[in-house]
C-alpha cells in the first residue's frame, strides 16, 4: 500500500513539491498586467498554478521511471530518489501518476486553454526525458522552454496578451538558470554524470550563462522603459538578484537546482520578495 508507514514521505519526494516554486512564473502576467486585485483573475491564475504544479509532478515521475537504473548507480540519487532507493515500487509510481492525470483532467476542464498549454509543456518535457536531454544546446533551450510556457499559461489564464519584452526576458532568464544548472553539474559531478555533459565545457556554459544574464537584464530594462516606467526602481533589484545568485553558485557550489539555491539563501528570498513588492507598489494604480 502506498500509504503504509514511511511511504507518504517517499510519495512527497516523488512529487517534488519543493520544485513547484518554479511555477511562480505562471503568476508573472497577473503581476505585470496589474490584475492582482481582480478576484476572478487571481482565482484563474492560482488554478493555472495548481495545474502546472500537478503537470510538473507527472513529468518528474516519468523521468524517475525512465532513469531508475541510472539513478541506482548514482551516489546521491540512489538514496534521494524514492524509486531508485526502493522506497517506492514502479507500480506505486504508476498508480500515483494515474491519479495525477485524473486530477489534471478535472482541473484542466475548468480552463481548457490553460490545459492546452500544459499539455504542450508535458510533451516537451517527456521529449526532453527520452531524447532532448542528450542533445547539447537543445537541452538547455528545452529546459528554458518550460519556464516560457509557464509565463504563457499565466497569460492565457487571465486572458491577457504576453508582451514581447516579457517573453524574451523570461527566455533569457530561463536560459541563464539552465546554463548555470549544466555548469554546476559539470563542476560538481563531472562529465560522466550525464551523457550530454561530455560535449560541454565549464568555459562554454559560463559564456552561455553570461550572455543570458546580460540579455535578461537588458530586455527587462527595455521592457520597463518602454511599457512600465514606474518599475524602474525594480531594475537594480533584478541586477542584485543576478549578482547574488551567481555569488551563491560560485562560492557555495550551488545552482544545480535553482529552487534549492532560492530556499538556501535568505538574501535571495528577500530580493525576490522585495522585487515583487516594488512591482506591486509600482503597478497598483493600474489595478484600481
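When residue 41 is tested against (1) surrounded by fewer than 20 Cβ atoms within 10 Å (Cβ to Cβ); (2) in contact with a helix residue (DSSP H, G or I) (Cβ under 7 Å, 6 or more places away or on another chain), only condition (1) is not met.
Here is a yes/no grid of residues against (1) at pLDDT 95 or above; (2) within 16 Å of residue 47 (Cα to Cα):
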position: 89; (1), (2): no, no
position: 100; (1), (2): yes, yes
position: 109; (1), (2): no, yes
position: 119; (1), (2): yes, yes
position: 150; (1), (2): yes, yes
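Please determine, by comparing only the residues of the stretch 184-194 that are modelled with pLDDT of 85 or more and more than 22 Å from the chain's Cα centre (by Cα), which one is surrounded by the fewest Cβ atoms within 10 Å (Cβ to Cβ). The residue in question is 190. The set of residues from the stretch 44-58 being under 30 Å from residue 10 (Cα atoms) and either touching a helix residue (DSSP H, G or I) at 6+ places or on another chain (Cβ under 6 Å) or not in a helix (DSSP H, G or I) (or both) comprises 45, 48, 49, 51, 52, 53, 54, 55, 57, 58.
The values are calculated or read from the model by the stated rules, or taken from the named source; none is laboratory data. Since this is a predicted model, take the numbers as computed values, not measurements. We place every Cβ from the backbone using ideal geometry, glycine too, and count neighbours over all the protein chains shown.
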